[in-house]
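See below for the structure under consideration.
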Amino acid sequence: MKCSEFHELLSGYIDDELTARETKKLLGHLEECRDCTVALGELLQQKEKMCLLRTAYVAAEPTAEFSQRVMRAIEQAEPLREPGGLRLIFLHMSSWFGMSLRRPALGMSFLFVVGVAIGLLVGVTPLKPFQENKLMSVYELQSKQVSEEVPCSTEMDDDDETIAFDHFAYSSADTIVNTPCLLEYAAHTAGADNY
Amino acid sequence: MQKSDEVLVNETRRGNKKSFELLVIKYEKQIFNLIYRFTNDRETVADLAQDTFFKAYRGIHKFKGKSSFYTWLRRIAINNSINYLQSRKEYASLEQDSEDAEIRNLSDSRYEAPEESVLSKEMSVIVRKTLESLPEQFRSILIMREFEEMSYSDIADSLGCPVGTVRSRLFHARRVFKENLERYEKERP
């Protein structure tokens, strides 16, 4: 590192804002470099001058009526309402939106979660009965084929396996319990020999 | 027994204006000084301070209590001050106040600093003039660090920039301050 790079560390050092590693590195350099040691001395002097100025740099005292003046301004404004209901949701949404502009990854994650939530709501409530009926119909249709062609056997070719797997994946717990070939298939895929 | 800020904030949230007035009384002096250091304008300090407390009251529900109430209030005051400076179009410009005015201010018995014996009045004027000669972004960051004793992390939060930027900007601010101080000292009769 060059001396000019250590000078920025000096500024952090007098503010006690360096990491332990940076401090160690800087102190090691100061042992060898006279210029940087002088620069540190100047910075400390400068800081001291600024600190001494602190007490000379004060505003006039607030008047005794200042707090009343503030409270009058508050009284004259609209009454303060605690956010609730839709307003609270809007506040949360707007704060998330603001955050998403600063942190795009977080924003995208938020949008994804919202998308999934909306998808679940839309998918579960109005479409679920229809979807279940449809799947069960397919199952009933296909299971007949499976039971006829491959009667509860583990010896299935690729296509049959796909059909059975689809049934398994989309079937309700009741269907699985009442359908031995699906349980057998589950045991087969899990590698259980003693079903 | 004096109520804590947390209690006063909660009471304010529940609609107790008297509790907020206690917070105003507690912090008005600090906020006045902070705004004055930023703006160097005695005329507007009270107005900006009032606006700061007004905004704090209106936004009290947004205060989550992650930092202290004063840290949050200070951030509002800093934003107000910087906005005011920007509206005056004095951002990054030199302050035109005469040196006489500086001496007048410093001679005012109310602002007599106990350290005057250590740092001569003349030196105070030069240091102050140097500070005010800095571009606004350098001056603001030095005030936050040296007068308000804010941590780099708090400054970064207030300015909305990374901590690394704070460190770098402070370094450059100090370098420019040193150069200007040397120049003013040479000009001294």
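Every number here is computed from the coordinates shown, using simple stated rules; none is lab data. Note that the coordinates shown come from a computational prediction; the quantities given were computed from them, not determined experimentally. Every residue, glycine as well, gets a Cβ built from its backbone with ideal geometry; the counts of neighbours run over all protein chains shown.
Out of the residues in the range B:30-59 meeting the condition of being surrounded by fewer than 24 Cβ atoms within 10 Å (Cβ to Cβ), under 15 Å from A:GLN76 (Cα atoms) and touching a residue at least 12 places away in the same chain (Cβ under 8 Å), tell me which one is nearest to the other protein chains (Cβ to nearest Cβ).
Checking each candidate, the answer is B:TYR57.
Does the range B:166-189 include one or more residues that are among the basic types (Lys, Arg), touching a residue at least 24 places away in the same chain (Cβ under 8 Å) and out of contact with any Phe, Trp or Tyr (no Cβ under 9 Å at 6 or more places or on another chain)?
Yes; the residues of the range B:166-189 include at least one that is among the basic types (Lys, Arg), touching a residue at least 24 places away in the same chain (Cβ under 8 Å) and out of contact with any Phe, Trp or Tyr (no Cβ under 9 Å at 6 or more places or on another chain).
Considering each residue of the range B:144-156, count those that are assigned to a helix (DSSP H, G or I), more than 9 Å from every other protein chain (Cβ to nearest Cβ) and in contact (Cβ under 8 Å) with a residue 60 or more places away in the chain, and give that number.
Residues flagged as assigned to a helix (DSSP H, G or I), more than 9 Å from every other protein chain (Cβ to nearest Cβ) and in contact (Cβ under 8 Å) with a residue 60 or more places away in the chain within the range B:144-156 amount to 2.
Do we find that B:PHE20 is within 9 Å of chain A (Cβ to nearest Cβ) and in contact with a Leu (Cβ under 8 Å, 6 or more places away or on another chain) in this structure?
Yes: the conditions hold for B:PHE20.
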